[in-house]
Every structure is written in C-alpha cells, then in structure tokens.
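Novice: Take this structure, written in structure tokens, and hold onto it; I'll ask about it next.
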Amino acid sequence: MKPDRSDCIFCRIAAHEVPKTFRYEDDVLMVFDDIRPSAPVHLLIVPKRHIPSVVDFGTAERALAGELILAANLAAADAGIKDGYKLVFNAGRKGGQIIDHVHLHLLGGWSQDQE
Ligand code: AMP
Ligand code: ZN
C-alpha cells in the first residue's frame, strides 16, 4: 500500500513503510503507543487516511469520528484502564498539535492518589 502522503510519518506507518507495533489495526484506523508517553498508558488512535486535523472534520467524517471514539474505548478496555481515562484531540498549533495527521490521544493508568 502506498502512503497517502510520503512526507507524513503517520501515513508512512499506516502504509507499513515504518515499522510499528500496533495494538489494533483495521482498514480504517490503527492504535499504537505514543513514542513519548505523557501517562502510564498513552495510546494514539489514528485514521489511516490523511486528514490533517480534527479541525478539518466535516459531515463526511461523522462516521469516522464515532469509529475513533469506539476504538479508543476498546483500546482502553484492552489496556486495563476502562475505569478512567482521557481522550484528547490537540487541534491546530495553538491547540498543541505537532503531527499534522489527525490522531486521538488515549491517556490513563494513573494510580488513584495521583491527579
Ligand atoms: P500532537 O501534539 O497531538 O500532534 O501529538 C503528536 C504525538 O505523536 C506526540 O505525543 C508524539 O510523542 C507522538 N509521536 C510522534 N511520532 C511518533 C511515532 N513515530 N510513533 C508514535 N508516536 C509518535
Ligand atoms: Zn498522514
């Protein structure tokens, strides 16, 4: 499979050009560990199609938006953190987005006494 964008790291991962251990993968999306985790469990839920940001989501992405959230819930259960987690889209540079290929952060695994 050719990547949508050869200059995009997540497109290259989706095309299996860059080796990556997937927690989950299907034709639409993939789930893998964030390379610089900000939480004990930090996974990324990433559509395979190149869409720069959640800012670009329109009615055509309505179903995809639902799939990303459902995949995140399943990934949370698989990772043993379904009792509590955060789902975060960083949107645009001012929103902290660095990789311009939309991805949903799943963060969790903190012990109960941590904030
Ligand atoms: P954002 O700031 O929302 O664009 O987040 C991008 C995230 O992607 C950061 O948390 C990075 O640590 C992560 N990241 C960047 N490159 C890779 C990679 N090759 N594999 C896994 N995670 C990555
Ligand atoms: Zn891409």
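The values are calculated or read from the model by the stated rules, or taken from the named source; none is laboratory data. Quick caveat, the model's predicted, so the values are computed rather than measured. Don't worry about glycine lacking a Cβ; one is built from the backbone with ideal geometry, like all the others, and counts go over all protein chains shown.
Novice: List the pairs whose first member sits in the stretch 2-31 and is within 22 Å of A76 (Cβ to Cβ), whose second member is among the β-branched types (V, I, T) and outside any strand (DSSP E or B), and whose Cβ atoms are under 6 Å apart, counting only residues at least 6 apart or on separate chains?
Specialist: Pairs found: K20/I13.
Novice: Give just the number: which of (1) in contact (Cβ under 8 Å) with a residue 60 or more places away in the chain; (2) closer than 18 Å to C8 by Cβ; (3) surrounded by 15 or more Cβ atoms within 10 Å (Cβ to Cβ) does L107 not satisfy?
Specialist: Here L107 meets the rest and fails (2).
Novice: Residues in the stretch 64-108 that are of a type in the set (D, E) and within 16 Å of ligand 2 (Cβ to nearest atom): how many?
Specialist: Step one: list which residues in the stretch 64-108 are of a type in the set (D, E), which gives 67, 78, 83, 100.
Narrowing the set further to residues that are within 16 Å of ligand 2 (Cβ to nearest atom) leaves 100.
The number of residues fulfilling the criteria is 1.
Novice: Regarding V41, is this residue in contact (Cβ under 8 Å) with a residue 12 or more places away in the chain, within 21 Å of V88 (Cα to Cα), within 13 Å of the chain's Cα centre (by Cα) and surrounded by 15 or more Cβ atoms within 10 Å (Cβ to Cβ)?
Specialist: yes
Novice: Having 2 or more residues that are in contact with a Gly (Cβ under 7 Å, 6 or more places away or on another chain), modelled with pLDDT of 95 or more and not aliphatic (A, V, I, L, M) is the bar; report the strands (runs of 3 or more DSSP E) wholly within the stretch 12-115 that clear it.
Specialist: The strands (runs of 3 or more DSSP E) meeting that bar are 85-88.
Novice: Would you confirm whether or not the stretch 47-58 contains a residue that is within 16 Å of ligand 1 (Cβ to nearest atom), free of Cβ contacts under 8 Å to residues at least 12 places away in the same chain, closer than 24 Å to R93 by Cβ and polar (S, T, N, Q)?
Specialist: No: the stretch 47-58 contains no residue that is within 16 Å of ligand 1 (Cβ to nearest atom), free of Cβ contacts under 8 Å to residues at least 12 places away in the same chain, closer than 24 Å to R93 by Cβ and polar (S, T, N, Q).
Novice: Would a scan of the stretch 62-84 turn up a residue that is within 13 Å of ligand 1 (Cβ to nearest atom) and out of contact with any helix residue (DSSP H, G or I) (no Cβ under 8 Å at 6 or more places or on another chain)?
Specialist: Looking for residues that are within 13 Å of ligand 1 (Cβ to nearest atom) and out of contact with any helix residue (DSSP H, G or I) (no Cβ under 8 Å at 6 or more places or on another chain), one finds none in the stretch 62-84, hence no.
Novice: What's the number of the condition R12 fails, among (1) in contact with a Ser or Thr (Cβ under 9 Å, 6 or more places away or on another chain); (2) under 16 Å from L104 (Cα atoms); (3) within 16 Å of ligand 2 (Cβ to nearest atom)?
Specialist: The number of the failed condition is (2).
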